[in-house]
1. Can you run down the residue pairs with Cβ atoms below 9 Å, 6 or more apart or on separate chains, where the first is in the range 735-750 and within 23 Å of PHE814 (Cα to Cα) and the partner is among the basic types (Lys, Arg) and surrounded by fewer than 17 Cβ atoms within 10 Å (Cβ to Cβ)?
2. Please go through the range 730-755 and give me each residue that is in a loop (DSSP other than H, G, I, E, B), among the basic types (Lys, Arg) and crowded, with 17+ Cβ neighbours inside 10 Å, ordered by number.
3. LEU784: surrounded by 16 or more Cβ atoms within 10 Å (Cβ to Cβ), in contact with a Lys or Arg (Cβ under 6 Å, 6 or more places away or on another chain) and over 28 Å from LYS864 (Cβ atoms), yes or no?
4. Somewhere in the range 760-783, is a residue in a strand (DSSP E or B) and polar (S, T, N, Q)?
5. Here are CYS664, CYS645: which of them is touching a Lys or Arg at 6+ places or on another chain (Cβ under 9 Å), surrounded by 24 or more Cβ atoms within 10 Å (Cβ to Cβ), within 21 Å of LEU606 (Cβ to Cβ) and not assigned by TED's automatic domain parsing to the domain that holds PHE845?
6. If a residue counts only when it is exposed (fewer than 15 other Cβ atoms within 10 Å of the Cβ) and of a type in the set (A, V, I, L, M), which strands (runs of 3 or more DSSP E) contained entirely in the range 814-927 have at least 1 such residues?
7. Can you pull out the residues in the range 660-714 that are within 26 Å of GLY848 (Cα to Cα) and among the charged types (D, E, K, R)?
8. Looking only at the range 228-242, which residues are among the aliphatic types (A, V, I, L, M) and in contact with a strand residue (DSSP E or B) (Cβ under 9 Å, 6 or more places away or on another chain)?
Amino acid sequence: MEQNIISTINDENIQNRSKYLTIAQLTAIAETKINEFIINGKTKDRDLSSLLDKCIDILSIYKKNSKDIKVIISCRNKGAMTNSNYDIKIQLNYIYYKIIHIIVTAKIPHLNEFAKIKSHKSSKNDGDSNSSNNEFQLMNIYNTLLETLLKDENITKIKNFIKSSIQQMKLHHEQEECHLMQTGSHITPDQLNSLIVLSTSSSSSQMETLLIDIRSRLEFKKSHIDFKNIICLEPVSFKMSYSDRDLEKKSLITSPNDEIKLFQSRNLFKFIILYTDSNDYNVRQQAVLLDILLNRSFEKPISNDFTKIFILQSGFPGWLSSNHVNQTSSSCPQSNNIKDDSVYVNGNTSGLSLQHLPKMSPSISHSMDDSMKEMLISPIPINHLQQQQQQQSDNSYKLQRSSSFKKLFSNYTSTSPKNMNSNLYSISSLSISNSPSPLPLSSPNSMKNDSLPFNYPETPHLWKNNEADSMTNQREQLNHNSFTHITPINTRAITTPSRTTTPKLQRFPQAISMNLNLNSNSNNSSTSTIQPACLTLSNSSSLDHIDVSQTSPSHNYDLDFAVGLENLGNSCYMNCIIQCILGTHELTQIFLDDSYAKHININSKLGSKGILAKYFARLVHLMYKKQVDSSKKDSISPIKFKLACGSVNSLFKTASQQDCQEFCQFLLDGLHEDLNQCGSNPPLKELSQEAETRRERLSLRIASSIEWERFLTTDFSVIVDLFQGQYASRLKCKTCNHTSTTYQPFTVLSIPIPRKNSQNKITIEDCFKEFTKCENLEIDEQWLCPHCKSRQPSTKQLTITRLPRNLIIHLKRFDNFLNKNNDFVKYPFLLDLTPFWANDFDGVFPPGVNDDELPIRGQIPPFKYELYGVACHFGTLYGGHYTSYVKKGLSRGWLYFDDTKYRPAKNKTDAINSNAYVLFYHRVYGV
């Protein structure tokens with residue numbers, strides 16, 4: 001049968017002039033072969049037992065082939081060339097699967113023998129015991145085959161590979177057609193799409209395709225073809241007498257640098273595509289540009305043998321009306337002359353009151369060895385000198401982020417002009433002592449002295465296990481003249497003990513708050529500078545009697561307000577997350593008192609220039625005002641906030657249903673980037689092999705602390721302080737035991753749902769055990785061990801190395817095929833995650849670092865969390881609905897939110913339910 005099927009595939013391939021047949025064609029061959037070899041065979045081959053035997057035989061061949069095909073697909077995906085016979089083997093294996101599938105699901109259920117066996121089983125008629133046993137065995141075989149088909153993971157990979165191969169062949173065929181076309185010809189949107197896709201996916205260093213948009217810059221910014229190599233050349237910027245040099249020097253004079261660089265490389269592209277709209281003047285200018293490129297390219301002549309220039313058929317309107325309308329992009333103008341204060345979708349940021357926040361970079365200790373310096377050093381921006389000159393002229397001095405290693409800070413004297421020009425302060429961690437080290441108060445002018453000591457408080461100890469418990473009994477004293485609305489993430493923040501299950505359940509501080517004071521030097525009272533405040537831990541009073549009124553804003557907000565949100569068309573995914581996030585009092589506070597605005601960084605590379613933060617604040621204010629002004633239950637429309645979200649990420653622009661945990665991740669990431677005080681810093685250098693080797697020798701506790709310090713030099717915001725944790729991912733070679741560990745920050749922790757345990761239930765602790773278990777990697781996933789220099793049997797294990805103040809847990813209910821797991825996961829109101837936190841400190845520190853030089857940053861066990869929010873999902877991913885439970889203090893208790901409606905939970909335990917999808921926990925102390 002195998003040779004017959006192969007022959008049929010080859011004949012069809014020749015007839016269709018293709019290496020791959022479509023899924024429908026392969027399915028048709030499977031049905032034909034069933035009729036030829038099975039159904040139309042001998043009568044005895046059509047009974048249930050014979051059909052099952054044939055399925056088992058074919059299944060064994062399919063399984064054997066699947067192992068080889070898995071390797072083939074992996075090689076192909078990595079760009080490796082494989083034998084063309086493998087194309088036949090992949091299609092053959094799909095036909096084998098379809099033969100079994102059709103027999104098991106379509107043929108056998110229609111057999112009279114199968115119907116009789118099912119009727120015997122349902123009637124539970126014992127009858128002949130031998131006959132019953134035989135029927136029982138046949139049904140077992142049938143059910144096993146059916147389950148094997150349903151759980152088979154290879155068929156999806158085979159189908160996807162066949163589909164992608166067909167698509168690739170189509171794209172290459174259309175590209176070949178373009179090569180045969182004459183320069184100046186029109187190409188269709190489909191042909192252009194093929195060039196774009198192939199250019200994007202090409203691993204070749206050779207430039208493939210360049211697009212030139214011949215419309216006004218305003219129209220270009222509104223919408224254009226989404227492609228990395230695209231230039232906007234305005235029609236009014238050139239004329240018929242221009243040469244290619246004139247285009248570069250005159251027409252592109254106001255264009256972005258990346259567009260200028262693309263045009264300078266115009267002669268290196270295989271294809272140049274011109275397009276415009278239906279405007280008559282623009283169409284004439286398109287013809288002018290074509291003539292300039294073909295006949296007046298004197299500086300960089302374009303060879304017709306190497307580069308083809310085409311015009312897009314029907315222009316940009318034709319592209320929009322084609323199937324590729326989703327492959328368009330928009331840009332937002334950066335002009336500051338626009339006065340309207342509209343949503344970011346219109347690109348307007350001028351009306352915002354935004355603050356230029358400090359850029360921060362790590363510092364290193366002179367006493368550290370080279371490997372430790374390399375771990376903490378970051379590259380200096382190219383415009384560093386220019387930044388310093390601007391600082392001096394503006395009398396604004398940027399704050400430098402320290403790495404909190406004491407030897408860098410203690411009695412450091414700057415004598416060289418290079419050091420004197422830096423004009424930077426550093427933030428260090430805090431002293432755990434009864435007598436804090438005083439800090440000198442000085443102005444920027446005083447920093448010009450030839451010798452200036454920097455006295456910083458000592459950093460906390462990295463406590464041993466037996467010392468950790470005593471830390472929770474120590475207390476904190478806040479400086480009276482401090483910012484408390486937003487706590488810098490390198491500091492320790494006090495948390496108001498307002499959300500509790502009982503009056504005894506105190507939300508004690510996870511960390512000590514180090515606040516920034518503005519002080520003026522007597523020598524220059526008009527100039528002030530930011531100084532770190534000195535804080536100590538005192539042993540004289542009780543944490544139960546901390547007076548937080550001094551650190552509270554002047555307005556006493558009710559942070560447990562409740563207002564419904566209108567559904568804007570499948571926006572329940574957004575509403576449920578907003579309600580849960582507003583259950584985080586620390587975050588709600590800074591957006592109600594507007595202290596967030598002082599920390600917006602408009603220079604953050606990945607931020608939205610403060611737009612997302614601004615419209616989130618507007619929404620919070622609107623919700624709070626609605627409750628204050630209305631005595632009845634009411635709701636508001638979050639339309640402007642949703643527009644702002646859609647302008648930042650097009651995924652949330654339409655009315656389609658989305659995943660609420662993805663929106664949660666997007667919102668917190670977006671707020672972080674807007675408030676990221678280090679968002680404009682250059683990325684850190686990767687560790688050298690020597691530095692990485694030294695780090696591998698350290699315990700996870702120490703290595704993760706170092707990596708967190710490195711992370712804070714580029715990501716420094718209140719969102720990090722409130723929500724972000726870290727886990728380690730360790731690969732281990734089973735041959736030589738060599739390891740490689742990466743450290744990954746997280747805002748939302750996604751944990752898998754395992755199978756039910758021996759008590760036929762699943763707990764959230766089971767999920768964390770599944771998340772942190774050691775996993776043996778499959779053959780095609782084996783690690784390329786740098787020590788063995790080959791792929792070896794290996795393991796992978798995740799370990800939680802940092803737990804945040806507010807932990808957001810995503811239960812992974814959807815698999816790769818979007819099937820939902822509806823199993824009830826038992827999660828408690830009070831969750832203890834101490835057993836899952838990396839506690840492997842062995843007393844070994846890096847060279848040049850002592851046990852009092854690494855900051856703890858709140859990582860002191862135990863780690864206990866109180867539930868305060870649950871986002872629930874009903875139905876499927878495409879046709880479901882989201883609601884939420886949020887704890888609103890002792891007086892209101894748990895509330896259930898369903899878009900505009902909300903009500904008290906019927907029972908306290910309603911928040912623990914089988915529809916839970918995203919859980920929100922806050923760290924508590926003294927429990």
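The values are calculated or read from the model by the stated rules, or taken from the named source; none is laboratory data. This structure is a prediction, so every number in the text was calculated from the model and none was measured. Cβ coordinates were reconstructed from backbone atoms using ideal geometry, including for glycine residues, and neighbour counts include every protein chain displayed.
1. SER750/LYS812
2. The answer is none; no residue qualifies.
3. no
4. Checking the range 760-783: at least one residue is in a strand (DSSP E or B) and polar (S, T, N, Q).
5. CYS645
6. 830-832
7. Result: LYS685, GLU686, GLU690, GLU692, ARG694, ARG695, GLU696, ARG697, ARG701, GLU707, GLU709, ARG710.
8. ILE230, ILE231, LEU233
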